[in-house]
1. How many of the residues in region 120-145 are in contact (Cβ under 8 Å) with a residue 12 or more places away in the chain, assigned to a loop (DSSP other than H, G, I, E, B) and of a type outside the set (A, V, I, L, M, F, W, C)?
2. Can you work out which of the residues in region 50-79 that are hydroxyl-bearing (Ser, Thr, Tyr) and in contact (Cβ under 8 Å) with a residue 24 or more places away in the chain is farthest from Leu113 (Cα to Cα)?
3. Hey, among Leu20, Leu47, which residue is loosely packed, with under 10 Cβ neighbours inside 10 Å, under 20 Å from Gly125 (Cα atoms) and free of Cβ contacts under 8 Å to residues at least 24 places away in the same chain?
4. Go through (1) loosely packed, with under 15 Cβ neighbours inside 10 Å; (2) within 15 Å of the chain's Cα centre (by Cα); (3) basic (Lys, Arg) for Lys162 and report which single condition fails.
5. Select from region 35-87 the residues that are basic (Lys, Arg), at pLDDT 80 or above and farther than 19 Å from Cys133 by Cβ and list them in ascending order.
6. For residues in region 44-93 being outside any helix (DSSP H, G or I) and charged (D, E, K, R), which is nearest to Leu31 (Cα to Cα)?
7. So if I check each of Val165, Val150, which one is over 22 Å from Asp63 (Cα atoms) and of a type outside the set (S, T, N, Q)?
8. So in region 121-156, with the set limited to residues that are at pLDDT 95 or above and small (Gly, Ala, Ser), which one is surrounded by the fewest Cβ atoms within 10 Å (Cβ to Cβ)?
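The values are calculated or read from the model by the stated rules, or taken from the named source; none is laboratory data. Quick caveat, the model's predicted, so the values are computed rather than measured. As a convention, Cβ positions derive from the backbone with ideal geometry for all residues, glycine included, and neighbour counts pool all protein chains shown.
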Amino acid sequence: MAPRRAAPRNRASALASLTLAEKGELLGRFLTAQPELREQVEELARLQLIEQDRDSIASDIEDALNAHDIDELNSHAGYHPGRGYVDPGEAADEILDEDLQPFLDDLARRAELGFTAAAAQIAAGILCGLYACREANSETLLEYTPDYPVERAHVVIDQCTKLGVTLPVDDLLDEVPEWAGLLPATRAG
């Protein structure tokens with residue numbers, strides 16, 4: 001009698017192991033094969049895009065901007081052939097902008113899709129995250145660019161104006177009180 005093979009234990013889910021790109025491709029194929037589900041999936045996508053957690057965004061930004069230590073400047077600041085001298089403050093801005101840009105892109109994407117309430121929550125989260133970084137911690141890149149949070153707050157507010165996104169000014173006055181002068185003058189009352 002041949003020995004019995006043991007059944008594999010807790011085999012990992014093939015779906016769970018797919019990359020995001022593979023999942024996207026699979027969803028496309030699934031909807032091609034099942035077009036009657038497109039409307040349901042479209043509604044789920046819409047719901048995903050309108051749900052935003054301002055506090056989570058603020059925390060993510062604060063963590064990202066405070067995560068860089070001064071050692072990262074070594075490869076960005078100083079003389080670079082073909083570019084010239086890069087000031088440490090400018091280099092710090094560039095590094096921090098790499099972390100902030102995906103949030104700004106998401107803000108624009110939601111606004112352009114017509115989800116302005118979600119875009120407003122993203123913008124408020126970005127502003128709150130930047131506000132939390134206004135006191136530069138020593139040994140972080142923010143120490144080299146102390147005006148970064150307020151300068152980028154201006155960028156966020158300008159982007160909202162261009163995109164037609166109305167910021168929740170009354171809420172923000174409580175959350176970013178030292179920046180009240182930056183906020184649009186649309187406060188009720």
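1. Total satisfying the criteria: 4.
2. For region 50-79, the residue satisfying everything is Ser59.
3. Only one candidate passes the filter, namely Leu47.
4. Going through (1) loosely packed, with under 15 Cβ neighbours inside 10 Å; (2) within 15 Å of the chain's Cα centre (by Cα); (3) basic (Lys, Arg) one by one, Lys162 breaks only (2).
5. Arg38
6. In this case the residue turns out to be Glu51.
7. Val165
8. By that ranking, first place goes to Ala153.
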